[in-house]
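Presented below is the structure to which this report refers.
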Amino acid sequence: MKRIVCLSAFLMIASAISAKEYHVSVKGSDANIGSEAAPFRTIQKAADAAYPGDVITVHAGVYREWINPPRGGESDDRRIVYRAAPGEKVEIKGSEVVTGWTKTEGTVWKITIDNSFFGDYNPYKDAVYGDWYSNHGWTQHTGEVFINNKSLWETDSLHKVINPAPFPNSLDPEGSTWKWYCESDNNNTTIWANFHNLNPNKELVEISARRTCFYPSIPGINYLTLSGFHISQAASQWAAPTAEQIGMIATHWNKGWIIENNVISNAKCSGITLGKERGTGHNVWSADPSYDGSLHYIEVTFRTIRNGWNKENIGSHIVRNNEIFDCGQTGICGSMGAAFSLIEHNHIHHIYTKRQYSGAEMGGIKLHAAVDTRIFHNRIHHCDRALWLDWMAQGTRVSYNIMYANTAQDVFMEVDHGPTLLDNNIFASSENISDMSQGGAFVHNLFAGSIHVFPERGRYTPYFLPHNTDVAGLSIILNGDDRYFNNLFLPPAATDKKAHYGYPEYEKTAYPSFAEGNAYYGVAEPAANERYAIRKPDFAPAFSLEDNGAEVFVSFNLAGFDGFTTKIISTETLGKAKFPRGAYEQPDGQSIIFNSDYQGLSRSKTPSPGPFEKAQNGSNRIKVW
């Protein structure tokens, strides 16, 4: 035994000694050895040199390259780390600078580029395309044009560049008059752009030239860390759940990445993808539209299982402390590859704001098969949907998030069977929940908008054995089997007459649901037989949210809290979801006790409804970010 212990200690020491740190600098050379005194010039050169345990430190500057890691780490303790040098701004861009623009008419300029400039990938020949994608009747390319790091709007004719009008669906009408148009033949690509009062030869003008910035071309590159970078301007393609999903940062069907402390912006489609690879199917519905896309996706799901989709091989990523914005499709998305992962403390905003195309895959976070995935402490706003949990969310927990100013819903739960747990969140958009699922539990949330519940009888979707990816069965969605405990409903004074506030939508579901300890104000209504509810139909809570950029506050009024009887909620209180027969518990099977609030304060034995234990009768103003 002593020999084994000594050998293990020796191997650990030898491993630590053998680990190397490689340096990269814009002043370096790939002919160097990669030391701090003689750094490499490209990150790719360091990636080619690094082995498990090594660290790649990148120094200040702009790096225009696609980093294609040839290998990963061996374990969580033996990873390969890519990091920006502390205190230095390091940019990785999927674009190239273009100069030599010629003025053609008014404020419109033109540039003609030899196609050899793009190498083997020309984003101005590549159309955005894929399953569940709609181009709204015109071809849009994966390329983009940027002036001073602001992207322009593509259009389908030179006439519309010369005579720019606001794009009708854009959330930035004025910005949408900055337009561009392209034509490509076998030899050249020509781009026309309306730069308004700016001279592009005196400003920074860039065009997307690479489909990704950080993506291993083969799956199975595990245990990488990507930390501290500014990553932008890649021509990322539509990331359908039935396709190879290549975002600006993309994990490619592997395990154990940490993506942290980055600023991620201006992806054509998706910023981060934690997703599927190509071998189990690539846009299979578009390739064969003879039967429904949901059947294709069921087939893809079973192919991924045969391809090793399980906790030992796939997922378990950590995505934390990133700011993600100005991406055309999603901030973070993933089909099956985000299982067992943690997504926390991210600021995700202004996603899908151009609205030039559409499809079934947009959102701040859009996940398929979020099995045992935890989504904690994120701020998500000015998106279409903040969070879209689509197909096979099971063991998923959404906690301590704030979502607001989203134009569709804060959370869309689509054809999931649960158990899905949403607790201690602040939902502040006009529509908070769109529930086309069953088996959900809602505990200590604040709802400032409406709730919509509807069935899906046309699709059979899978559910799994608890904490597993082994399929246990398939079922349609009849709705219900939901739980609402200790929530706070603060609807607006001017409500949508077609919307529903509070619990009533769950009265019509096929499976029984349960409610207790909730507080309802204004038009929000309790369950018909709800015990221990506060009901104040004539009281105006006057909920408001103040976004100061770095800080966010919520304000509201309350009444009726004195003497109100509630109880601490736990895994045991919530029971089990009907179909998977799974409990609302931790991924390791341990129970959850909801005894701390949004701010980390301990709850009393009779806790306050909603996410704030210190909420009280009268006026409340609370910092939430």
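Principal axis extents of the C-alpha atoms in the stretch 186-343 (largest first, rounded to whole Å): 55, 41, 25.
For the chain, what % of the accessible area comes from carbon and sulfur atoms, probe 1.4 Å? Exposed carbon and sulfur together represent 51 percent of the surface.
Trypsin sites (Lys or Arg not before Pro) within the stretch 137-227: which are DSSP loop residues with at most 16 other Cβ atoms inside 10 Å? Answer in residue order: LYS202.
Within the assembled protein chains, the solvent-accessible surface assigned to ASP326 is about 60 Å², based on a 1.4 Å probe. Run through the DSSP bridge list for the chain and note the antiparallel percent, rounded to the nearest 5. Around 30 percent of the beta bridges assigned by DSSP in the chain are antiparallel ones. Taking the alpha carbon gyration tensor of the stretch 108-150, multiplying each eigenvalue by 5 and rooting it gives semi-axes of 22, 15, 10 Å, largest first.
Per the Kirkwood formula applied to alpha carbons, the chain shows a radius of gyration over Rh ratio, Rg over Rh, of 0.99.
Binning all Cα-Cα separations of the stretch 524-625 at 10 Å, short to long from zero, yields these whole-percent fractions: 12, 33, 34, 19, 1. From the cross-link list LYS103/LYS268; LYS179/LYS366; LYS103/LYS202, which pairs have alpha carbons spaced over 23 Å apart? The answer is LYS103/LYS268; LYS179/LYS366. Over 5 Å intervals from 0, what percent of Cα-Cα pairs in the stretch 230-280 sits in each interval? Final binned percentages: 5, 24, 29, 22, 17, 4, 1.
Using only the C-alpha atoms, the convex hull of the stretch 403-446 corresponds to 52 Å³ per residue. Take the Cα coordinates of the stretch 57-144, assign each an equal point scatterer, and use the Debye formula without solvent to give log10 I(q)/I(0) at q = 0.14, 0.15 Å⁻¹. Each listed q corresponds, in turn, to -0.86, -0.93. Going by Cα centres, the stretch 503-579 and the stretch 254-314 are how many Å apart? Here the two parts' Cα centres lie 36 Å apart. Percent of Cα pairs in the stretch 278-332 per distance bin of 10 Å, from zero to the largest separation: 19, 31, 35, 15, 0. Available extension along the chain between ALA540 and ASN68 is 164.3 nm, counting 0.36 nm per residue and deducting the alpha carbon span. For the chain, the longest principal axis of the Cα atoms and the long axis of helix 2-18 meet at an angle of about 50 degrees.
Dimensions of the stretch 143-253 based on its C-alpha atoms, expressed as ranges along the principal axes with the largest first, amount to 50, 34, 30 Å. Shown here: the stretch 376-525, whose C-alpha atoms stretch 46, 31, 28 Å along the first, second and third principal axes, sorted largest to smallest.
Computed with a 1.4 Å probe over protein heavy atoms only, the accessible surface of the chain comes to 38 Å² per residue. Scattering from the stretch 560-611 was approximated by placing one identical point on each alpha carbon and applying the Debye formula without solvent; log10 I(q)/I(0) at 0.13, 0.14, 0.16, 0.24 1/Å stands at -0.40, -0.45, -0.57, -0.96. The distance between label points at ALA550 and ASN595 comes to 3.6 nm (points 7 Å beyond Cα on the Cα→Cβ vector). For the stretch 447-532, the relative contact order comes to 31 percent (Cα pairs under 8 Å, sequence separation of at least 6).
Per-residue SASA remark: TRP238, around 10 Å² accessible (1.4 Å probe; ligands, DNA and RNA not included). For the pair the stretch 330-403 / the stretch 411-443, the C-alpha centres are spaced 12 Å from each other. With 25 Å as the limit, the listed pairs LYS20/LYS276; LYS27/LYS276; LYS498/LYS614; LYS125/LYS160; LYS110/LYS160 have LYS20/LYS276; LYS27/LYS276; LYS498/LYS614 beyond it between alpha carbons. Loop-located trypsin sites (Lys or Arg not before Pro) across the stretch 423-518 with a Cβ neighbour count of 11 or fewer within 10 Å are LYS497, LYS498, with loop assigned by DSSP.
Amide H contacts under 5 Å for GLY73: ILE80, ASN222, TYR223, LEU224, restricted to partners 5 or more places along the chain or on a different chain, H placed in the peptide plane at 1.01 Å from N.
Note on exposure: ILE162, ILE249 ranked by accessible area (1.4 Å probe, complete protein assembly) read ILE162, ILE249, with the most exposed listed first. Residue-normalised convex hull volume from the C-alpha trace of the stretch 458-508: 145 Å³ per residue.
Using Cα atoms only, what is the angle between the long axis of helix 293-306 and the major principal axis of the chain, expressed in degrees (0 to 90) to the nearest 10? Taking the Cα atoms of the chain, the angle to 293-306 is about 80 degrees.
May I ask you to work out the translational diffusion coefficient for the stretch 127-169 at 10 °C, viscosity 1.306 mPa s, via Stokes-Einstein with Rh from the Kirkwood sum over Cα pairs, reported in whole µm²/s? Answer, rounded: 131 µm²/s. The candidates VAL62, VAL398, arranged from most to least accessible area with a 1.4 Å probe in the full protein assembly, appear as VAL62, VAL398. Among the GluC sites (Glu not before Pro) within the stretch 220-312, those in coil by DSSP and having at most 16 neighbouring Cβ atoms inside 10 Å are GLU312.
Mind checking the log10 I(q)/I(0) for the stretch 294-448 at q = 0.09, 0.18, 0.20, 0.21 Å⁻¹? Debye, one equal scatterer per Cα, no solvent, two decimals. Treating every Cα as an identical point scatterer, log10 I(q)/I(0) equals -0.25, -1.05, -1.29, -1.41.
The values are calculated or read from the model by the stated rules, or taken from the named source; none is laboratory data. Only a predicted model underlies this, so the values are computations on that prediction, with no experimental measurement involved. Counting neighbours? That spans all protein chains shown, and the Cβs are built from the backbone with ideal geometry, glycine included. Ligands, DNA and RNA are excluded from the accessible area calculation, which covers all protein heavy atoms including side chains. Shrake-Rupley method; radii C 1.70, N 1.55, O 1.52, S 1.80 Å.
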